[in-house]
Ligand code: NAX
């Protein structure tokens with residue numbers, strides 16, 4: 001049996017946390033030969049609920065679950081940790097402007113970035129799920145100067161998975177036939193799901209649908225899927241978000257398959273002309289615990305405009321919190 005690794009989950013008492021922790025402990029994220037120590041962080045008023053989640057985890061008798069730590073102290077939560085899933089975030093309250101939301105989250109993610117810097121393994125892999133995920137990831141990264149910026153990522157895998165199912169259903173296939181999906185940019189309504197490079201049974205997806213459906217149905221359905229779930233369920237996506245977080249970390253840690261790729265919000269190195277230093281979602285391949293942005297993906301005029309629009313939004317988000325960044 002391998003030595004246990006430490007996995008920190010923030011917002012662990014929340015609804016995504018409840019759908020996530022049991023799967024991490026079962027081995028779905030890092031493999032069924034990798035024991036884990038769960039380090040669960042939430043705020044003080046949530047400690048009793050978190051204790052209940054811990055009791056349930058214990059009651060599963062997961063062979064891979066070596067230990068569970070519950071805390072409201074980020075310095076304890078991130079101590080020596082190898083993986084961190086930053087799920088807890090400040091939701092938008094009534095009357096709250098986007099700018100207020102960005103600032104409230106900047107406060108949380110700067111504290112957590114510092115705590116990661118001071119306490120975690122220098123090889124930590126960080127996934128930010130809490131919204132606005134890309135900019136929260138940027139804030140955490142900027143507050144962790146001793147850690148490689150490449151170790152901070154944001155989740156667009158849920159959008160990626162949503163897009164795969166939409167195109168599979170439209171073409172009468174299954175997700176097993178869909179490869180090379182890309183979500184470009186921000187995890188928000190400006191994200192750009194790309195069917196030019198996506199393949200269904202090896203054929204370019206864009207050639208299997210008409211442009212009107214692509215622009216009028218596919219793109220808005222993927223962009224607005226989160227809102228549609230809230231309307232139907234009366235609560236935001238939880239199990240599918242947790243599943244996507246598992247997928248993201250599993251791909252990163254254990255690798256992507258063959259020529260296929262996945263969508264990850266990662267530190268931009270200027271690829272495809274995207275501003276360096278933004279956390280932007282690109283097509284990525286993973287190998288040996290590292291990711292790389294897939295180069296040479298076709299970007300026509302239509303894609304270029306969409307990629308620029310979502311880049312613009314990320315630039316504005318960054319500028320709104322610039323005064324809070326070190
Ligand atoms: P919940 O409100 O159920 O849970 C959030 C938890 O975070 C609570 O237990 C809360 O006490 C905790 N928390 C708040 N501030 C904290 C802090 N400073 N430190 C530690 N814990 C803290 O929300 P849930 O439905 O679980 O969603 C969590 C986040 O995921 C939200 O920001 C949500 O917008 C975001 N999502 C992101 C998605 C993505 O694709 N990137 C999709 C799903 C989801 O909407």
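The values are calculated or read from the model by the stated rules, or taken from the named source; none is laboratory data. In this text, all values refer to a predicted model and were calculated from it rather than measured experimentally. In this analysis, Cβ positions are derived from the backbone assuming ideal geometry, glycine residues included, and neighbour counts consider all displayed protein chains.
Kindly check whether there is at least one residue in region 12-20 that is at pLDDT 95 or above, in contact with a strand residue (DSSP E or B) (Cβ under 8 Å, 6 or more places away or on another chain), assigned to a helix (DSSP H, G or I) and in the same structural domain as residue 75 (by the TED database). Yes, that holds for at least one residue. Annotation note: of 74, 45, the sole residue that is surrounded by 12 or more Cβ atoms within 10 Å (Cβ to Cβ) and at pLDDT 95 or above is 74.
When you go through 100, 80 one by one, which is the residue that is on the phi > 0 side of the Ramachandran plot and surrounded by 13 or more Cβ atoms within 10 Å (Cβ to Cβ)? After ruling out the rest, the residue left standing is 80.
Just one of the numbered conditions (1) away from the ligand (no atom under 14 Å from the Cβ); (2) more than 25 Å from residue 4 (Cβ to Cβ) is not true of residue 57: (2).
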